[in-house]
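One structure below.
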C-alpha cells in the first residue's frame with residue numbers, strides 16, 4: 001500500500017479503462033489513436049490523484065497528459081496517464 005506518513009494513498013481497484021489489453025497496432029506518435037487505456041466516466045481514478053505540485057513535493061507536472069488533454073481541468077488530478085474530461 002502506498003503511504004504518505006501513516007495515511008494510505010494507494011488503490012486496489014478496477015481502473016475502468018476503455019478497452020485494456022487490446023491496443024493493437026497504433027501510431028505511438030499520435031496519442032489520439034491509442035484510446036484503449038483512457039479512463040471511463042465511471043473510473044474510481046478520476047479526481048483521485050495526489051497533488052504533487054503542493055508542498056512538500058512542489059513538482060511541475062506539466063500542462064497536458066499523454067493524450068494532450070490539459071491537466072487539472074476538473075479541479076483535481078486523475079490517476080494515470082489520462083486526465084478524464
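Readers should treat all values here as calculations from the given coordinates under stated rules, not as data from a laboratory. As the structure is a prediction and not an experimental result, all values here were calculated from the model. Note that we place each Cβ from the backbone using ideal geometry, even for glycine, and neighbour counts take in every protein chain shown.
When the residues of the range 24-37 are filtered to those that are out of contact with any strand residue (DSSP E or B) (no Cβ under 6 Å at 6 or more places or on another chain) and surrounded by 13 or more Cβ atoms within 10 Å (Cβ to Cβ), the one that is nearest to residue 67 (Cα to Cα) is 31. Taken together, 45, 40, 52, 17 contain a single residue that is surrounded by 10 or more Cβ atoms within 10 Å (Cβ to Cβ) and touching a helix residue (DSSP H, G or I) at 6+ places or on another chain (Cβ under 7 Å), which is 17. Taken together, the residues in the range 55-85 that are surrounded by 15 or more Cβ atoms within 10 Å (Cβ to Cβ), touching a residue at least 24 places away in the same chain (Cβ under 8 Å) and over 19 Å from residue 8 (Cβ atoms) amount to 3. Taken together, the residues in the range 13-55 that are in a loop (DSSP other than H, G, I, E, B) and either under 15 Å from the mean Cα position of the chain (by Cα) or under 15 Å from residue 78 (Cβ atoms) (or both) amount to 22.
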